[in-house]
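A.B. asks: Please read through the structure below; I'll follow up with questions.
The values are calculated or read from the model by the stated rules, or taken from the named source; none is laboratory data. It should be emphasised that the depicted structure is a prediction, and the values quoted were computed from it without experimental measurement. Glycine gets a Cβ as well: all are built from the backbone with ideal geometry, and neighbour counts include every protein chain shown.
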Ligand SMILES: Cc1cc2nc3c(=O)[nH]c(=O)nc-3n(C[C@H](O)[C@H](O)[C@H](O)COP(=O)(O)OP(=O)(O)OC[C@H]3O[C@@H](n4cnc5c(N)ncnc54)[C@H](O)[C@@H]3O)c2cc1C
């Protein structure tokens, strides 16, 4: 059994029990967070010395399984692991020792890039960090930040003159306002205010002026585990739709006996199979194992995965709601939650339009 699947196996039944409440209350459950840490799901992308796997493949397996039961919980773990990964990729030895121990044991992390004025054009963000001696003073607002409601550690991208810089900071003094989102509820999505927040220069991640590199370099491979959440949502929808179609009688027959329904299910199953292989292959490339000498870079593969995962998850949720008929649109139905969750895949970690921009950069170079 893969390490990601092993780690997730002990928590799924607990999350399953609480998933509907996490969604309806838009509130993460403390016990679930504790279980995620205890089972190594918050250290998946950490260095091995910190109990990690350093593997996007394993992180993707875990993200898929978590998203089958709760997209909100899955997204929290994926974003936290992105913070852990940023420290693994760009942190100094001192920063790894200081922050990774806590981030793999009990403290939740988040990556704050997006601002009220926009998220797609990262290079134009406005939040300022002004140098005063050996410290920087941060002022500005971030929004749509996953985990921020309960995060202890923030990696914040701010402007230092012409360039951007990534800072690691604790929650102290930061103001957080929770947002009431359509889907992936419970993942702590919030707006965050920074007013005269002081950060020591030892907490610059990746070097001064390297914030864009840290942000984009972290997002690119982490779009693969993020896409695996779409795969998890899609698989769950297919399972639910098949089960319902085999149980429900209409016109004296099972819904599953109608060829029109069988064709919907077979199209979906084929798309899911293709997505599964695309994500696994891309994760292996990101892990440094390009088995087929494909040669595509991780940014392109991550963007392709995210585009397809959003499409397939939406298709799956749409198919499942259709097969459930009227019972699929009632609040509390499992397919109704999936329908709301799937749409957010299009937007978080870069919109589908931005994914197309990234893929087009690669495709236009090919001929
Ligand atoms: C569930 C969720 C979780 C999130 N978590 C985080 C987080 O933890 N940290 C964080 O920093 N951010 C997070 N975000 C924010 C997310 O990254 C941004 O919403 C996203 O990058 C888009 O930014 P925006 O919403 O400001 O849209 P805008 O950038 O204002 O874009 C508006 C529209 O214009 C389109 N557009 C923009 N540029 C182009 C272009 N060149 N070509 C074609 N169309 C274009 C966009 O696709 C979009 O449709 C999250 C968002 C969601 C939904």
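A.B. asks: From the list 146, 165, which one is modelled with pLDDT of 95 or more, within 14 Å of the ligand (Cβ to nearest atom) and outside the structural domain of residue 25 (by TED's automatic domain parsing)? Step through it out loud before you land on a result.
C.D. replies: Details: 165 fails: within 14 Å of the ligand (Cβ to nearest atom).
Result: 146 is the single residue among 146, 165 that is modelled with pLDDT of 95 or more, within 14 Å of the ligand (Cβ to nearest atom) and outside the structural domain of residue 25 (by TED's automatic domain parsing).
A.B. asks: Sticking with this structure for a sec: Counting only residues that are under 17 Å from the mean Cα position of the chain (by Cα) and crowded, with 19+ Cβ neighbours inside 10 Å, which one in the stretch 309-336 is farthest from the ligand (Cβ to nearest atom)?
C.D. replies: Residues of the stretch 309-336 under 17 Å from the mean Cα position of the chain (by Cα): 309-314.
From what is left, the residues that are crowded, with 19+ Cβ neighbours inside 10 Å are 309-310, 312-314.
Working: 309: 14, 310: 11, 312: 18, 313: 13, 314: 14 Å.
Applying the filter and picking the extreme gives 312.
Matching residues to (1) surrounded by 14 or more Cβ atoms within 10 Å (Cβ to Cβ); (2) more than 20 Å from residue 173 (Cβ to Cβ); (3) more than 12 Å from the ligand (Cβ to nearest atom); (4) over 22 Å from the mean Cα position of the chain (by Cα):
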site	(1), (2), (3), (4)
94	no, yes, yes, yes
98	yes, no, yes, yes
105	no, yes, yes, no
110	yes, no, no, no
128	yes, no, yes, yes
132	no, no, yes, yes
135	yes, no, yes, yes
141	yes, no, no, no
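A.B. asks: Given the criterion closer than 16 Å to residue 76 by Cα and in contact with a strand residue (DSSP E or B) (Cβ under 9 Å, 6 or more places away or on another chain), identify the matching residue among 146, 160, 169, 177.
C.D. replies: Details: 160 fails: closer than 16 Å to residue 76 by Cα; 169 fails: closer than 16 Å to residue 76 by Cα; 177 fails: closer than 16 Å to residue 76 by Cα.
Going through 146, 160, 169, 177 in turn, just one is closer than 16 Å to residue 76 by Cα and in contact with a strand residue (DSSP E or B) (Cβ under 9 Å, 6 or more places away or on another chain): 146.
A.B. asks: Pick out the one residue from 83, 8, 79 that is outside the structural domain of residue 234 (by TED's automatic domain parsing) and over 15 Å from the mean Cα position of the chain (by Cα). Before the answer, list the steps.
C.D. replies: On the way: 83 fails: over 15 Å from the mean Cα position of the chain (by Cα); 79 fails: over 15 Å from the mean Cα position of the chain (by Cα).
Step by step, each of 83, 8, 79 is checked, and only 8 is outside the structural domain of residue 234 (by TED's automatic domain parsing) and over 15 Å from the mean Cα position of the chain (by Cα).
A.B. asks: Out of (1) in the same structural domain as residue 301 (by TED's automatic domain parsing); (2) surrounded by fewer than 20 Cβ atoms within 10 Å (Cβ to Cβ), the odd one out for residue 218 is which?
C.D. replies: Among (1) in the same structural domain as residue 301 (by TED's automatic domain parsing); (2) surrounded by fewer than 20 Cβ atoms within 10 Å (Cβ to Cβ), residue 218 violates only (2).
A.B. asks: Something else about it: Pairs, please: C-beta under 6 Å, at least 6 apart or cross-chain, first residue without any contact (Cβ under 8 Å) to a residue 60 or more places away in the chain and in the stretch 334-357, second near the ligand (Cβ under 9 Å from one of its atoms) and part of a helix (DSSP H, G or I)?
C.D. replies: As it stands, the answer is 346/352, since those pairs meet every condition given.
A.B. asks: So is residue 266 outside any helix (DSSP H, G or I), over 30 Å from residue 358 (Cβ atoms) and out of contact with any strand residue (DSSP E or B) (no Cβ under 7 Å at 6 or more places or on another chain) or not?
C.D. replies: No.
A.B. asks: Taking the stretch 337-354 only, how many residues are under 24 Å from residue 265 (Cβ atoms), in contact with a helix residue (DSSP H, G or I) (Cβ under 6 Å, 6 or more places away or on another chain) and assigned to a helix (DSSP H, G or I)?
C.D. replies: To start, the set of residues in the stretch 337-354 that are under 24 Å from residue 265 (Cβ atoms) comprises 337-343, 345-346.
Right, trim to in contact with a helix residue (DSSP H, G or I) (Cβ under 6 Å, 6 or more places away or on another chain) and you get 337-339, 341-342, 345-346.
From what is left, the residues that are assigned to a helix (DSSP H, G or I) are 337-339, 341-342, 345.
Qualifying residue count, the stretch 337-354: 6.
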